[in-house]
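S.K.: Below you will find the structure I want to go over with you.
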Amino acid sequence: MDKSEKKKYAIKVKNLYKIYMIGTNKVRALNGVDFAIEKGTFCCIVGTSGSGKSTLLNMMAGLEPPTKGEIIIAGEHMERKNEAQLVNFRQAHVGFIFQSYNLLPNMTALENIALPLTFQGMDKAKRLKKAKKALKLVGLQKFGNHRPGQMSGGQQQRVGIARALVVNPEIIFADEPTGNLDSNTTLDVLKLIKKIVAENKQTVVMVTHDNNLASYGDMIIRIKDGKITEIEQNRQVNDNLDNVELGGTLDISSEAAGGTAMSAEQSVHQPEAAVQPDAPEQTAEAASVQTVKVPAYDGYHPQTSGNDQGSA
Ligand SMILES: Nc1ncnc2c1ncn2[C@@H]1O[C@H](COP(=O)(O)OP(=O)(O)OP(=O)(O)O)[C@@H](O)[C@H]1O
Ligand SMILES: [Mg+2]
C-alpha cells in the first residue's frame, strides 16, 4: 500500500480465506474475500447465520489467523504478526463491542471502562479521568458505581461502547452489538455508536444479520457462504440520519503509554484445523481436534480474566 492509500483506507482485505476441517468436511468460512474500507466509514457486514461474518471480523481484528490472504490495517499486515505483536497492535488501534457485552460482573461500570487502559500501563488517576469522560459520552454519568448486574441490557451495552472508545481507537469492531437489545434500544445504541465515531472520524466495522440495521451503514458488505455478494456505498443516505442526545464530545486523547503485551495466553481445544484453500481434502485423522491458541488477554473477556487483573 503506498502512502496515499494508507491515508485513505482504514482496512484492506485481499484474497482472504478461512477454511476449517470438521471431520472430513472442509468448511469454507471465508472463500476468497476482497474489499477496502475508507477511513471514517461506518461499515456494516451483513449476512445470514453461518455466512462468515464473525470469522471475517475476528480475522480483521487479528483474533484469528487467516488460512490465506492479506489484512492491512494502518499500513500493517495483520497476518504477518505474532501474538504479542497483535496484542500490542490491538491495544493501540482497535476497540471491540460484543453482543453479550463481556463486562466483568464484579467490577463497576467505571472500572470496566477503565480496564483497557490498565493494560496500556496507564496510572490510576488518568484511567479514572478518561473512563469518566467515556461514561459521560454514553450518557451514563450516574451509573459509574453500578455493576453490570445492576444495569439494563442497553445500559450495559453503553458501558461496552464506552470501554471500546476509552482508548480512542482508530477502528471499532462490533459483532452484533445490538443482538441482545429490544428494537428501540437497538436504534439508540446504533445511533450512539454512529454519532460518536463520526465526530471522532473513527472507522466502525459492524456485523449484523439484520438488513434493516445494515442500512445505517455508509458502506454495506453483503456476505453469503464466505463470499461477498455485493458492496453498497450508502454515505449520502446516512448523512440525513437524525442524531441522538449525547452527554458530550469525546476528548480522550491517546496519550497513553505504549501497550504492554499480556501473557495470559491459554491453550484450548477447538474443533478447528486450518488448511490451505487449495490443499486436497484431508483425512479424518488430520482433522481431529487440535490445540490452538486463543489470543492474549486484552481486557475484554470475562471468561479469561481474574478480577485481580487490575481495577480503575
Ligand atoms: N472454530 C470453528 N471451527 C469450525 N467451523 C467454524 C468455526 N468457526 C466458524 N465455523 C464455521 O464457519 C462458518 C462461518 O461461521 P461464522 O461464525 O463466521 O458465521 P456468522 O456469519 O458469524 O454466523 P452467526 O450470524 O450465526 O453468528 C460456519 O459454517 C461455521 O460453522
Ligand atoms: Mg457470528
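The values are calculated or read from the model by the stated rules, or taken from the named source; none is laboratory data. Please read all numbers here as calculations on a predicted model, not as lab measurements. Ideal geometry is used to build each Cβ from the backbone, glycine not excepted, and the neighbour counts take in all protein chains shown.
S.K.: Could you figure out which of (1) touching a residue at least 40 places away in the same chain (Cβ under 8 Å); (2) in a strand (DSSP E or B) isn't true of Ala36?
M.R.: Ala36 satisfies every listed condition except (1).
S.K.: Ile73: away from ligand 1 (no atom under 11 Å from the Cβ), touching a residue at least 24 places away in the same chain (Cβ under 8 Å) and of a type in the set (A, V, I, L, M), yes or no?
M.R.: On the way: away from ligand 1 (no atom under 11 Å from the Cβ): yes; touching a residue at least 24 places away in the same chain (Cβ under 8 Å): yes; of a type in the set (A, V, I, L, M): yes.
It is true that Ile73 is away from ligand 1 (no atom under 11 Å from the Cβ), touching a residue at least 24 places away in the same chain (Cβ under 8 Å) and of a type in the set (A, V, I, L, M).
S.K.: Further question: From the list Val46, Val27, Val33, which residue is more than 29 Å from Lys201 (Cβ to Cβ), within 16 Å of ligand 2 (Cβ to nearest atom) and not polar (S, T, N, Q)? Step through it out loud before you land on a result.
M.R.: On the way: Val46 fails: more than 29 Å from Lys201 (Cβ to Cβ); Val33 fails: more than 29 Å from Lys201 (Cβ to Cβ).
Selected residue: Val27, the only one of Val46, Val27, Val33 that is more than 29 Å from Lys201 (Cβ to Cβ), within 16 Å of ligand 2 (Cβ to nearest atom) and not polar (S, T, N, Q).
S.K.: For the structure I just gave you, tell me whether Glu5 is of a type in the set (D, E, K, R), away from ligand 1 (no atom under 16 Å from the Cβ) and assigned to a helix (DSSP H, G or I). Explain how you work it out, then say what you get.
M.R.: Values: of a type in the set (D, E, K, R): yes; away from ligand 1 (no atom under 16 Å from the Cβ): yes; assigned to a helix (DSSP H, G or I): yes.
Yes, satisfied.
S.K.: Considering segment 81-120 alone, what residues qualify as being under 25 Å from Thr203 (Cβ atoms), in a loop (DSSP other than H, G, I, E, B) and not basic (Lys, Arg)?
M.R.: Of segment 81-120, the ones under 25 Å from Thr203 (Cβ atoms) are 81-103, 112-120.
Filter once more, so that each one left must be in a loop (DSSP other than H, G, I, E, B): 81-82, 99-103, 119-120.
Answer for segment 81-120, where residues must be under 25 Å from Thr203 (Cβ atoms), in a loop (DSSP other than H, G, I, E, B) and not basic (Lys, Arg): Asn82, Gln99, Ser100, Tyr101, Asn102, Leu103, Phe119, Gln120.
S.K.: Do you know which residues across segment 1-19 are within 16 Å of ligand 2 (Cβ to nearest atom) and either at pLDDT below 95 or among the acidic types (Asp, Glu) (or both)?
M.R.: none
S.K.: With the structure loaded, tell me whether Ala109 is modelled with pLDDT of 95 or more, crowded, with 23+ Cβ neighbours inside 10 Å, away from ligand 1 (no atom under 11 Å from the Cβ) and within 29 Å of Lys133 (Cα to Cα) or whether it fails that test. Before the answer, list the steps.
M.R.: Numbers: modelled with pLDDT of 95 or more: yes; crowded, with 23+ Cβ neighbours inside 10 Å: yes; away from ligand 1 (no atom under 11 Å from the Cβ): yes; within 29 Å of Lys133 (Cα to Cα): yes.
So Ala109 passes the test.
S.K.: Please go through (1) without any contact (Cβ under 8 Å) to a residue 40 or more places away in the chain; (2) touching a Ser or Thr at 6+ places or on another chain (Cβ under 8 Å); (3) assigned to a loop (DSSP other than H, G, I, E, B); (4) of a type outside the set (Phe, Trp, Tyr) for Leu181 and return the number of the only condition it doesn't satisfy.
M.R.: (2)
S.K.: Tell me the residue from Glu176, Glu199 that is on the phi > 0 side of the Ramachandran plot and touching a residue at least 24 places away in the same chain (Cβ under 8 Å), please.
M.R.: Values: Glu199 fails: on the phi > 0 side of the Ramachandran plot.
None of the other options fit; the residue is Glu176.
S.K.: Looking at segment 39-70, which of its residues are in a strand (DSSP E or B) and either within 16 Å of ligand 1 (Cβ to nearest atom) or surrounded by 20 or more Cβ atoms within 10 Å (Cβ to Cβ) (or both)?
M.R.: Residues of segment 39-70 in a strand (DSSP E or B): 42-46, 68-70.
Within segment 39-70, Phe42, Cys43, Cys44, Ile45, Val46, Lys68, Gly69 qualify.
S.K.: So, one more: What is the residue count in segment 65-120 for residues that are within 30 Å of Gly149 (Cα to Cα) and in contact with a strand residue (DSSP E or B) (Cβ under 7 Å, 6 or more places away or on another chain)?
M.R.: First, pick out the residues of segment 65-120 that are within 30 Å of Gly149 (Cα to Cα): 87, 90-120.
Imposing the further condition that a residue be in contact with a strand residue (DSSP E or B) (Cβ under 7 Å, 6 or more places away or on another chain) reduces the set to 93-99.
Number satisfying all stated conditions: 7.
S.K.: Suppose we filter segment 186-222 for residues that are touching a helix residue (DSSP H, G or I) at 6+ places or on another chain (Cβ under 6 Å) and either closer than 22 Å to Asn31 by Cα or assigned to a strand (DSSP E or B) (or both); how many remain?
M.R.: Residues in segment 186-222 being touching a helix residue (DSSP H, G or I) at 6+ places or on another chain (Cβ under 6 Å) and either closer than 22 Å to Asn31 by Cα or assigned to a strand (DSSP E or B) (or both): 4 in total.
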